[in-house]
Amino acid sequence: MSNVSSTENIISRLAAQADAMGRLAQDSGAFAAVVASFESKDANAFRWVLERQEMLPYCELICEWVRIKLCALRCIEICRPLPEKTTKLPSLQQFARAVADLSAKEEPLRRLVDAVACGDGNVYHAILEELRLTEFCQLLCHWICAIGYRRICEVVCRVQPPIFVDPVHEIRAAGKVLAELVANEKAFSAIEKAAIGINCEVLRSAITQAGFIRGCEVICRLICTWRCVRVCREFCEVFPIAVLRGALAVEEAQNFALAARQLAGHPRALYDLVNAVQTGNVETYRGIIARFGFGPYCWQVCSWICTVSCSEFCFCVCPPPGIHPWFTTVGYFDIYADINPATGKTNKSLPFASLGTGGGPNYAFHGALQLGGFCPIDSPTAPGVQMKYRFLYDSGGGPKPITGNLVSPVKAGDRQILWPTMDLAGKANAVLAPIFQDVIIQSSPIPPDPVPPTVGATWVGPAPHYIAPDPTTGWVAVDPNAVGGGFATLLGLDSAQVVSGGVPPDVPAGTLPPAAQKAGKDISITFEAARVTASTADFSNGLSKIHINNWVELIELNFAEFATGCCTPIDKILSVQFTVDHEEMDSGSWGLGITSCALPPVGLNITPHLGDPGVTLTARGGSGTIVEDTSGWSNCSYTVTLGARAGLTTGLRDNEGRSEQLTFAICGH
């Protein structure tokens, strides 16, 4: 219902609902159980049935369809006979005033809500006559039904459902907003004028300028209810309908679901239906209804198309409070709470098993870094405008974009696409349904998007969709179909391309390496986000210092006795020469040990201590010679192991370290 809101989104949702409901309707018992559990608000039963049918992932789609269907059928039922088209429909302002007046009278309002819930047309009409609101029968019924049922799907499709809100309280709260709006004739006139064009930006602006932004959803819902009743009344011939209750009503709904499933395979027909409802094109709408044999369901098809379109429209008019784009983490580590701004290293250990050693405290970073946070699809300050983001690093020469070979692959999230469904034989068929597709951000070249399997071919799921940052600026546009409303994993940084490293040069075992051997480096990382139409950042934050070290540990091991050859026998003395060095060894660990079947199961720990003769120990490790008296050792084979692990992490996985071993034998003393 807007030139800004996505018609493709509407069609995709309608097609997915048509297919899901059509499949569910093939099982009469499951279909009836879903409808019954919806009306009884039994979340466990609703989910149990869908789980048995392997359709739980479609819970929200199915629940929304049931809600729309029951409201359409209920309002036809209790408002029959429908008014002749010669009877003028109340204006939007008259409808708003009626809702406001009704909402102020709690006792009759509660009776009216109960009458709609029970489908009691006699009580419903009696109350309307009492309140002199009979001309609002359809409008008020759809208004009450929409509010009364809209919370149910929040309950039945969530693992931890919210508490039900009394619909009477919600209707009364909405009525107060509308009472204020009706009292402000200038504001109402501006909003009513904006509503005629069905343009979400114009309507949002009018609501904002009138000072009713807090009541935006109420106002948009009122406009949609009024417009859907008016449009469907024009589209569908007034005809008497039998009162359907109980099993007959469920059977009618099931038949409608089976009939409507054919629309899932006709996206063009759905597009034409949506366009007809949005533009009021009676001829096009009736032509499609006749072509698909939907005559008995004319009003219900219209309500379905119009309600789903309205949901998209109102999301555009009244977007939820936007989450600002924000850079928050390197791996698991929060850039402000978990990284010391003075050192650029971690300030704590985190309880994630995948890290290995907790990632700290005082660990530097290395390897491929996952930069996380959130960037929404649309701007929180300019709803409907797509967002982009980028990262820049500064190693001392000024900020530069992270792009090209600096980018390491990450899964940014998922996006929803239409993909052929699979039949019982494992073959692809012509029906399309929503499916999740991985979104990978990596450097170029980018593989092409997957081609769906042809009808009758072996079904395969979609390969990932790849995105590369702009090769010059580093900007990444958020995919408009991203699940969850945006990307949470934002980019991968191959830190070795920024701060070099590798294996340090060898030194003789037992000697110290050169001073300040192979140090790491501090860099800063800045995040920027902007509208795709903007050339400068709308949002920015960053990590002022992160210490990177991509060198591996220097470890050297030898025996002084092997100076004349590695076959020199060990008799009374073993002289172990060692060197351990790394900038981050103070937060890591290292050790020396001897193992053999002739020694205790835990072996012999010969790691030196500060003050031991013949060794030099520093924060970076140590070097020297450890002399062991082996004169009393048994004839056997022995292994000396030198292991070292520097305090380094990617933020997701810690450095595992290195080790070297030398074997010697005592064959006789």
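Considering only region 31-44, state which residues are open to solvent by 20 Å² or more (accessible area, probe 1.4 Å) and either at pLDDT 90 or above or within 25 Å of residue 138 (Cα to Cα) (or both).
The first filter runs over region 31-44 and keeps only residues open to solvent by 20 Å² or more (accessible area, probe 1.4 Å), leaving 32-33, 36, 39-42, 44.
Answer for region 31-44, where residues must be open to solvent by 20 Å² or more (accessible area, probe 1.4 Å) and either at pLDDT 90 or above or within 25 Å of residue 138 (Cα to Cα) (or both): 32, 33, 36, 39, 40, 41.
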Open item on the list: Being at pLDDT 95 or above and hydroxyl-bearing (Ser, Thr, Tyr) is the filter here; which residues of region 639-669 pass it?
Closed with: 639, 641, 649, 650, 659
TODO: May I ask you to verify whether residue 516 is closer than 22 Å to residue 329 by Cα and either surrounded by fewer than 17 Cβ atoms within 10 Å (Cβ to Cβ) or modelled with pLDDT under 95 (or both)?
DONE: no
TODO: May I ask you to list the residues in region 368-379 that are open to solvent by less than 40 Å² (accessible area, probe 1.4 Å) and either within 23 Å of residue 213 (Cβ to Cβ) or in a loop (DSSP other than H, G, I, E, B) (or both)?
DONE: 376, 377, 379
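Residue-by-condition table, conditions (1) closer than 14 Å to residue 662 by Cα; (2) small (Gly, Ala, Ser); (3) touching an Asp or Glu at 6+ places or on another chain (Cβ under 8 Å):
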{"residue": "558", "(1), (2), (3)": "yes, no, no"}
{"residue": "578", "(1), (2), (3)": "yes, no, yes"}
{"residue": "599", "(1), (2), (3)": "no, no, no"}
{"residue": "620", "(1), (2), (3)": "no, no, yes"}
{"residue": "629", "(1), (2), (3)": "no, no, no"}
{"residue": "637", "(1), (2), (3)": "yes, yes, no"}
{"residue": "640", "(1), (2), (3)": "yes, no, no"}
Open item on the list: The conditions are (1) in contact with a strand residue (DSSP E or B) (Cβ under 8 Å, 6 or more places away or on another chain); (2) surrounded by fewer than 19 Cβ atoms within 10 Å (Cβ to Cβ); (3) under 18 Å from residue 392 (Cβ atoms), and residue 484 fails exactly one of them. Which is it?
Closed with: (3)
Open item on the list: For residue 610, only one of the following conditions fails: (1) open to solvent by less than 40 Å² (accessible area, probe 1.4 Å); (2) of a type in the set (A, V, I, L, M); (3) under 30 Å from residue 520 (Cα atoms). What is its number?
Closed with: (1)
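One line per residue, one yes/no per condition, for (1) outside any loop (DSSP other than H, G, I, E, B); (2) touching a Gly at 6+ places or on another chain (Cβ under 9 Å):
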position: 381; (1), (2): no, yes
position: 384; (1), (2): no, no
position: 390; (1), (2): yes, yes
position: 396; (1), (2): no, no
position: 412; (1), (2): yes, no
Open item on the list: Go through (1) touching a residue at least 24 places away in the same chain (Cβ under 8 Å); (2) open to solvent by 40 Å² or more (accessible area, probe 1.4 Å) for residue 564 and report which single condition fails.
Closed with: (1)
TODO: Return the total of residues in region 197-229 being open to solvent by 60 Å² or more (accessible area, probe 1.4 Å) and either within 15 Å of residue 96 (Cβ to Cβ) or among the aromatic types (Phe, Trp, Tyr) (or both).
DONE: 1
- [ ] Residues being crowded, with 16+ Cβ neighbours inside 10 Å and in contact (Cβ under 8 Å) with a residue 40 or more places away in the chain: count how many of those fall in region 333-351.
- [x] 6
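Please work out if residue 437 is within 22 Å of residue 268 (Cα to Cα) and either modelled with pLDDT under 95 or basic (Lys, Arg) (or both).
On the way: within 22 Å of residue 268 (Cα to Cα): no; either modelled with pLDDT under 95 or basic (Lys, Arg) (or both): yes.
So residue 437 fails the test.
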TODO: Mind listing just one residue for me: the one in region 409-427 that is over 21 Å from residue 14 (Cα atoms) and aliphatic (A, V, I, L, M) and, of those, surrounded by the most Cβ atoms within 10 Å (Cβ to Cβ)?
DONE: 412
Open item on the list: If I go through region 181-206 residue by residue, how many of them are under 21 Å from residue 278 (Cα atoms) and in contact (Cβ under 8 Å) with a residue 40 or more places away in the chain?
Closed with: 8
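The values are calculated or read from the model by the stated rules, or taken from the named source; none is laboratory data. Because the structure is predicted, anything quoted here is derived from the model rather than measured. Positions of Cβ are backbone-derived with ideal geometry, glycine not excepted, and every protein chain shown enters the neighbour counts. Surface accessibility is based on the protein's heavy atoms, side chains included, excluding ligands, DNA and RNA. Shrake-Rupley method; radii C 1.70, N 1.55, O 1.52, S 1.80 Å.
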